[in-house]
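What follows is calculated from the coordinates using simple rules that are stated; it is not laboratory data. Not measured: the values here are computed from a predicted model. As a convention, Cβ positions derive from the backbone with ideal geometry for all residues, glycine included, and neighbour counts pool all protein chains shown.
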Amino acid sequence: MVVWLTLFIFTGFSGLFFNRVLQVRTDGYPAWFFPLSLLPAVAIGLAAVKFVARAVAKLVDVGGRGAPARRDLSGAVGVVASPMLDGKFGEVRVRDPRGNELIVHGHLAEDDGKLKQGDKVVLIELDNESGLFHVAALKE
C-alpha cells in the first residue's frame, strides 16, 4: 500500500507541475504534451518509491522473521512482572531470542507457594489447554 500510494502521489503532483510548466511556456496545451509530461512524472514517482521503500523497510520487518512462537520460549529465564505469581496466575517478563522483551502468563505448581515481583523464574513448558506456562523459581 505504501508503494502504490507513494507512486501515485509523486507521479500525480509532478505530472501537474510538468503540465503547468509546458502550458505556461507555450500558449496552449497540444495533445502531444501529455506523453511529454507523463514520462518525467512517472520517473519521479518511481524514484520516490525507491527512497520511501528503503525508509519503510527499516521500520517494518521485511525479512519474515516475525515474532517467535510462544512454545519456543520454553526454557527462557525471566522475571516476575506481576505483583505476585502463584499456582493460579502471574505475569513473567522474558526476552525472546531476538532480544525483544515480552510478557507471558504462567503459573507455579500448586505446592511451590508464591513468588513476588522481581523474582527470577524459568519457563518450563506451555500448557495447551490453559495457554499458561508452567513456571519454576530460579535459584541462584
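The conditions of being exposed (fewer than 14 other Cβ atoms within 10 Å of the Cβ), within 25 Å of the chain's Cα centre (by Cα) and at positive phi are not met by Gly118. Scanning the stretch 103-119 for residues that are among the small types (Gly, Ala, Ser) and assigned to a loop (DSSP other than H, G, I, E, B) yields Ala109, Gly113, Gly118.
From the list Val104, Val77, which residue is among the β-branched types (Val, Ile, Thr), in contact with a Gly (Cβ under 9 Å, 6 or more places away or on another chain) and within 16 Å of Phe133 (Cα to Cα)? Selected residue: Val104, the only one of Val104, Val77 that is among the β-branched types (Val, Ile, Thr), in contact with a Gly (Cβ under 9 Å, 6 or more places away or on another chain) and within 16 Å of Phe133 (Cα to Cα). Taken over the stretch 74-102, the residue count meeting the criterion of being exposed (fewer than 15 other Cβ atoms within 10 Å of the Cβ), part of a strand (DSSP E or B) and charged (D, E, K, R) is 2.
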